[in-house]
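For reference, the structure is listed below as structure tokens.
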Amino acid sequence: MEKKYKNCQSCGMPMKKDPKNGGTNSDGTKNLMYCSYCYENGDFTQPDMTVDEMKTLVKGKMKEMGFPGFLSGFFTKGIPGLERWKNA
């Protein structure tokens, strides 16, 4: 059975915040590792993105949602340790 992750292993977003409850695999099944913003139909939505670009994107999204800058910095510092980026 596929391991269920609490947070997306690409952007770090809590999976429970994903409106689609996870990305999708190429066969249409749910992917429990990545959110629907990062992963669709078995591929990353932005395959050429770097870890630093992801951190910048997430910080921007968090600011849009009203999070203070220090909090967005705190949450994004863990992104390089997520599964997608471990071997990048």
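Taken over region 1-43, the criterion of being polar (S, T, N, Q) and without any contact (Cβ under 8 Å) to a residue 40 or more places away in the chain is satisfied by N21, T24, N25, S26, T29, N31, S36, N41. Of all the listed residues (S26, S10), the sole one being among the small types (G, A, S) and within 19 Å of W85 (Cα to Cα) is S10. In region 47-72, the residues that are at pLDDT 95 or above form Cβ pairs under 6 Å with partners that are surrounded by fewer than 17 Cβ atoms within 10 Å (Cβ to Cβ) and aliphatic (A, V, I, L, M), at six or more places apart or across chains, as follows: V51/A88.
Note on region 36-88: residues that are hydroxyl-bearing (S, T, Y), crowded, with 17+ Cβ neighbours inside 10 Å and in a loop (DSSP other than H, G, I, E, B) total 2.
Residues that are farther than 21 Å from T76 by Cα, in a loop (DSSP other than H, G, I, E, B), in contact with a strand residue (DSSP E or B) (Cβ under 8 Å, 6 or more places away or on another chain) and among the small types (G, A, S) are absent from region 1-24.
Here K3, K30, K16, K63 are screened, and the one residue that is in contact with a helix residue (DSSP H, G or I) (Cβ under 9 Å, 6 or more places away or on another chain) and of a type in the set (K, R) is K63.
The values are calculated or read from the model by the stated rules, or taken from the named source; none is laboratory data. Keep in mind it's a predicted model, so treat the numbers as computed, not measured. For neighbour counting, all protein chains shown are included, and Cβ atoms are generated from backbone atoms with ideal geometry for every residue, glycine included.
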